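Below: one structure, written as C-alpha cells.
The values are calculated or read from the model by the stated rules, or taken from the named source; none is laboratory data. The structure displayed is predicted, hence computed values, not measured ones. No Cβ is skipped: glycine too gets one built from the backbone with ideal geometry, and neighbour counts run over all protein chains shown. All accessible areas refer to the heavy atoms of the entire protein, side chains included, with ligands and DNA or RNA removed. Shrake-Rupley method; radii C 1.70, N 1.55, O 1.52, S 1.80 Å.
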Amino acid sequence: MAQKPDSSDLYTDDLAASVHAEVPSRERRPDPPLWRNRDYMLLWSGQMISSIGTQVSQITLPLLVLALTFSPVQAGLVGALRGLPFAIFSLPAGALVDRWDRRKVMLLCDTGRALALGSIAVALWLGCLSLLQLCLVALIEGTLFTFFYPADVACLPRVVSREQLPAATAQNFASDSLSSLLGPFLGGMLYGIGHAVPFLCDAFSYVCSVIGLFFMRTKFQQERTQVSSPIWREVMEGLTWLWQNPLLRLLALLYCGLSTPIYGYALAWITLAQRLHATPFVIGALFACSGIGSIAGALLAPAVQKRLPFGRLIVCSAWIWAIGWLIYAYVPNLLIFGVIVSLAFINVSIFNATQFSYRLIVTPDHLQGRVNSIFRLIAFGGQPLGLLVTGWLIQWTGPNWAVIILFVPQGLVALMAALSPTLRGTPFLSQLGQKKIEDAHWE
C-alpha cells in the first residue's frame, strides 16, 4: 500500500532536449482543461478501470488460494511471487522502457495480464486449476506490472503539459484511491457470485486499458537514437542523475524513511481494532476510511499546492504523516479511529501527489523510466523489512507499543526534512515547473 532551488544548471541541457520545441508560457495559449484532452482521458479512464480490476483480483486471489489449499503459508507465497519481480527487474525495466517504444510496452503488458488473469477463470470452469498455475499467474502479472508502471509514468508528461502535471497527477491519485475503495468491495461480491467471476472481470479491465491505449494519438516519447551501450550503464546514468539532484535524492530517502516503518499498517490496524472489540465488518469499514481519505486528499492536492511552497508543504506533510501514525496507539474508540485514518490518508495522498508531480516535472523525457524505477526502488525497497519488523514488534510488545516504537524512525526523518537546507525556501510547485521550461528554452 512523494521544491527548492536545486542546481538547475545541471539539468538544463537534458530538459532543453525535451522542451526544445516549446515557447515560453507567456507566448503560449492556455492549455484546455484535462477533460477536453482526448488522449489523457483515454489513458486515465483505461487505467482507472484496470486499477479497479487489479484491486478486485488482489483481494480474491488469496481467498482462492486458501479455498484451494487451506494453507495461509501458500497464500502468502503466491502474494510474495507477485512482488518478487519488482525487486529483481525494477532497475533494468526502467532502462529498457526508456529504450523501447513505451506505448508498445504498455499494450503488450496489459494484453499479457489479461491473458494471465483470464486463464484462472478458464481453469476454474474446466476444473483443472492448480497451485502451480496460480503461482505462475502471480509471477507473470508482477513481472508485467514492473515493466508497465515505468512506461505509464513516463508517458504522462507527453500527454499533458508540464503546467497541468500537478492536476493530472492529483486526478490519477484520486482514481487510484477510488479503485482501492471500490475494488475490495466488488471483489468480495463477485467472488460470492462465482470464484471465476472476479478474475474474468480483471481480465476484461485490462482489455479496456488496451483499447484506450490503442486509440491514443500522442507519441509516448521523443525520437530515439540507436543505443548500443550496456543496460547497466543506462541504469547507472539514471541512478547518477537522480543522486546528483539533491532535492529528488532527499525526497526518495524521505519517502523510504516514512513508509518503511508502516508497511505493516494493515496488521497493526487489525490488532488495534480487535482490542477495541471491532467486528470484521467494522475492520473493513476502517480500511474503507483510508480510501475515502485518499480520494479527498487527491482532490485537495492542487489547491494545497497553490497555497503552500513546495518545501513547506513537504515538511508539514512529513510531520503530519509521523504524528498521525503515533496517534493510532492512543485512539479511545473505533469512531475516532476511523476519523484519524481518513485524515492521515488525506495527508498521505497530498504528499504523494506533490512529490510525484515534482518528479515528472524535473526528469528529462529520455530518463523518465529509469529515474522513476530507481526512485520507487529506494522508496519501496524496504517493504519486506517493514512487514517483518511490524509483525515481530506486535507479537513481542503488543500493537500499541509497536506503533510507538515505529514512530521513532518516522519522527527522525520528519526532523531531517525540517532541518534540511535543500527544502528550505523552495518555491511553489508551479514555479518550479515553469522555471525549468523557461531555463531550458532560453538555454
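What the table below lists for this structure:
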| item | result |
| --- | --- |
| Members of segment 327-379 found to be hydroxyl-bearing (Ser, Thr, Tyr) and more than 30 Å from residue 100 (Cβ to Cβ), listed by number | 328, 330, 342, 349 |
| Within segment 350-400, tally of residues that are among the polar types (S, T, N, Q) and open to solvent by 10 Å² or more (accessible area, probe 1.4 Å) | 5 |
| Helices (runs of 4 or more DSSP H) wholly inside segment 335-432 containing at least 3 residues that are hydrophobic (A, V, I, L, M, F, W, C) and at pLDDT 85 or above | 399-419 |
| Positions within segment 247-262 being surrounded by 17 or more Cβ atoms within 10 Å (Cβ to Cβ) and out of contact with any Pro (no Cβ under 8 Å at 6 or more places or on another chain), in sequence order | 247, 248, 250, 251, 252, 254, 255, 256, 258, 259, 262 |
| Sole residue being within 30 Å of residue 289 (Cβ to Cβ), modelled with pLDDT of 85 or more, acidic (Asp, Glu) and buried (at least 17 other Cβ atoms within 10 Å of the Cβ), chosen from 110, 176, 152 | 152 |
| Residue in segment 43-57 that is in a helix (DSSP H, G or I), more than 26 Å from residue 375 (Cβ to Cβ), of a type in the set (Val, Ile, Thr) and at pLDDT below 85 present | yes |
| Residue list for segment 179-191, restricted to those being buried (at least 18 other Cβ atoms within 10 Å of the Cβ) and either within 16 Å of residue 65 (Cα to Cα) or more than 23 Å from the chain's Cα centre (by Cα) (or both) | 187, 190, 191 |
| Residue 317 being in a helix (DSSP H, G or I), among the polar types (S, T, N, Q) and either farther than 27 Å from residue 423 by Cα or at pLDDT 90 or above (or both) | yes |
| Boolean, residue 404 is under 22 Å from the mean Cα position of the chain (by Cα) and open to solvent by 10 Å² or more (accessible area, probe 1.4 Å) | no |
| Exclusive hit being of a type outside the set (Lys, Arg), in contact with a helix residue (DSSP H, G or I) (Cβ under 8 Å, 6 or more places away or on another chain) and farther than 20 Å from residue 426 by Cα, set 353, 318, 288, 301 | 288 |
| Residues of segment 192-231 satisfying the condition of being assigned to a helix (DSSP H, G or I), at pLDDT 90 or above and over 25 Å from the mean Cα position of the chain (by Cα) | 197 |
| Residue in segment 88-102 that is farthest from residue 142 (Cα to Cα), counting only those that are within 18 Å of the chain's Cα centre (by Cα) and among the small types (Gly, Ala, Ser) | 94 |
| In segment 279-314, the residues that are open to solvent by less than 20 Å² (accessible area, probe 1.4 Å) and either in contact with an Asp or Glu (Cβ under 9 Å, 6 or more places away or on another chain) or not in a helix (DSSP H, G or I) (or both) | 294, 298 |
